[in-house]
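The values are calculated or read from the model by the stated rules, or taken from the named source; none is laboratory data. From a predicted model like this one, the values you see are computed outputs, not experimental measurements. Neighbour counts run over all protein chains shown; Cβ positions are idealised from the backbone, glycine included.
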């Protein structure tokens, strides 16, 4: 075990209880992670203890040698005095060593209490799965054999290191199994890509404008591209957001939403439906067999005027809002005459439509 000079100074300060505050916390954290460092500390403690014991033995040996020497050269009285002095020296040295050991022990106990308090706080916060297994500690007999280790001591140290490594390996395996557990993986929030993100749908939107004062406009779509067929589309009123039919539309604005077979969609917004003056296709009917000209229900009041081919007024009539406008072929005089006529419908708001009609017989 080789450490740099700074680490050996830290070990000595730690044993003597000189480390405190953040330095103590950092060193203890390093010690818990490094088994070799922890073993070195135990070696240093044991060495200090052996040095103290060796000092006591040396002092006793010196005192006994002194007394033996004095026996040969001095009187009995002088020997007794020398023995008392030696005994006082031994007691003084023992008291000094005892006080030093007591101070070191107290410092070590204070540091251990701080460490234990911090450990208990961390274990109270962490869930059981994250608590580390308490590392194995060498027994007293093994410590005493460290300076002159036997084969059994070396085997014990190797076993301790292997057990510590095995414990860490088992914890790592357990964590890997937990991460690969399907139940745990299922509970994790895994973002799912929207399948429509890369789908670009297009279509040709065609508008057939409504005639003046008529709800006969149409919106239809063809020429679909992108996505997957079959395609559908819906028309919504911008005014109220309601779904409407694709025909019988009045003036206004509409949104057209196209869907493909996978429900991916695209929206064409604010499609304008206008009102235009429409010249209706030629109509014909036979009033002599009871047929009449149907001009439909009107959404506002106005006047119907029938002109002859010469431009004369043949028939006229005022109609009210929501009236189903009709003409039975008779003139203002009540006479039915065959021929070609032009009719004009003039609404109260100033708009109008025209058409052609032929009265047959």
Verdict on residue 263 being loosely packed, with under 11 Cβ neighbours inside 10 Å, at pLDDT below 90 and under 60 Å from the mean Cα position of the chain (by Cα): no
Strands (runs of 3 or more DSSP E) wholly inside the stretch 216-290 that include at least 2 residues being more than 25 Å from residue 202 (Cα to Cα): 279-285
Options 294, 323; residue that is outside the structural domain of residue 214 (by TED's automatic domain parsing), within 25 Å of residue 244 (Cα to Cα), in contact with a strand residue (DSSP E or B) (Cβ under 8 Å, 6 or more places away or on another chain) and modelled with pLDDT of 90 or more: 323
Options 329, 339, 302; residue that is modelled with pLDDT of 90 or more, touching a helix residue (DSSP H, G or I) at 6+ places or on another chain (Cβ under 9 Å) and not assigned by TED's automatic domain parsing to the domain that holds residue 249: 329
Given (1) in a strand (DSSP E or B); (2) closer than 23 Å to residue 286 by Cα, index of the condition residue 332 fails: (1)
Of all residues making up the stretch 195-208, the number that are surrounded by 16 or more Cβ atoms within 10 Å (Cβ to Cβ) and within 17 Å of residue 254 (Cα to Cα): 3
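Looking at the stretch 299-318, can you tell me whether even one residue there is part of a loop (DSSP other than H, G, I, E, B) and at positive phi?
Looking through the stretch 299-318, at least one residue is part of a loop (DSSP other than H, G, I, E, B) and at positive phi.
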